[in-house]
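First up is the structure itself, then whatever we jot down about it.
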Amino acid sequence: MLNILFDFDGTLFDTDKAHEAAFRYMFETYNLGEFGSYEQIKGIRTKDVFSKYVERQRAVKLASKKTRYYLENIKKINALVRFDLLREAKKAGNRLFIVSGGSKKSIYSLLELHKLVSLFDGVVTSNDYNRSKPDPEPFLYCLEKYNINGNIVGVEDSAAGVESLKNANIYAVGIHNDLIRDSADLFYSDINDFIKNYVLIENG
């Protein structure tokens with residue numbers, strides 16, 4: 001049995017474009033300066049991103065507005081993972097978790113839309129911890145809250161996420177993003193190949 005700690009954005013769902021569009025909208029609308037590269041902020045809590053440009057209280061308000069803008073387009077977001085493979089992994093006795101820098105509202109909105117909530121044994125969102133990835137706190141919080149031990153792997157698509165896993169001494173599986181191929185302990189170009197080959201075959 002595996003305990004699999006999945007990142008959410010860019011890992012389970014193709015949310016990157018929607019999040020990037022929402023960030024760019026916020027930066028332009030509220031004159032926060034040049035947005036730059038989305039890759040540099042992937043995996044980091046939204047309010048922590050805005051905190052680099054404005055004081056904390058305003059950053060929290062901007063994060064809330066950004067989430068509302070993002071959710072307006074939620075039905076256009078495609079899944080990267082095959083739901084049948086997630087169900088098969090769950091049926092095989094594995095425990096599935098989500099550890100994300102996204103807000104509780106944005107994550108549960110997608111999970112509920114696709115009727116996936118019951119598949120996961122636990123969900124950790126930006127509302128649950130104080131320090132964003134690459135700090136290990138998000139994953140350590142998940143391990144403690146859900147009493148996770150034994151065989152543990154984390155699945156991430158961002159550099160901050162892989163670093164967070166390694167800082168938490170968790171085996172880091174990188175997916176989708178060639179920029180993390182060398183830093184991850186194991187890499188798959190497609191999350192579905194990871195589930196089919198690593199979870200269901202090698203550890204099935």
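Overview of results
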item	result
Label-zone membership for the stretch 1-26, site residue 201, 7 angstrom Cα→C-beta point, backbone N under 19 Å	1-2
Only Lys, Arg (+1) and Asp, Glu (-1) charged, at Cβ; the chain dipole about Cα centre in debye	900 debye
Global form of the chain, assessed from the alpha-carbon gyration tensor, a/c cut-off 1.5	prolate
Shape category assigned to the stretch 41-141 from the gyration tensor of Cα positions, a/c cut at 1.5	oblate
Value of relative contact order over the chain, rounded to a whole percent, pairs C-alpha under 8 Å and six or more apart	27 percent
For the chain, share of DSSP beta bridges that run antiparallel, in % to the nearest 5	5 percent
In the stretch 161-204, trypsin sites (Lys or Arg not before Pro) in a DSSP loop with at most 16 other beta-carbon atoms within 10 Å	181
The stretch 16-75, relative contact order in percent, only Cα pairs under 8 angstrom and at least six apart counted	38 percent
Inter-part distance where the stretch 130-204 and the stretch 24-59 are each reduced to a Cα centre, Å	25 Å
Computed FRET value (nearest 0.05) for residue 144 with residue 35, which takes r as the C-beta separation and R₀ as 22 Å	0.05
Of the DSSP H helices in the chain, those whose Cα atoms cover at least 18 Å axially and whose Kyte score averages -1.0 or more	16-29
Estimated FRET transfer efficiency (residue 113, residue 181; beta-carbon r; R0 35 Å; 0.05)	0.65
Amide H within-cut-off set for residue 188, under 5 Å, with H built and near neighbours excluded	174, 175, 176
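Just so you know, all these numbers are worked out from the coordinates, no wet-lab data involved. Since this is a predicted model, take the numbers as computed values, not measurements. All Cβ positions, even for glycine, are placed from backbone atoms using ideal geometry, and neighbour counts span all protein chains on display.
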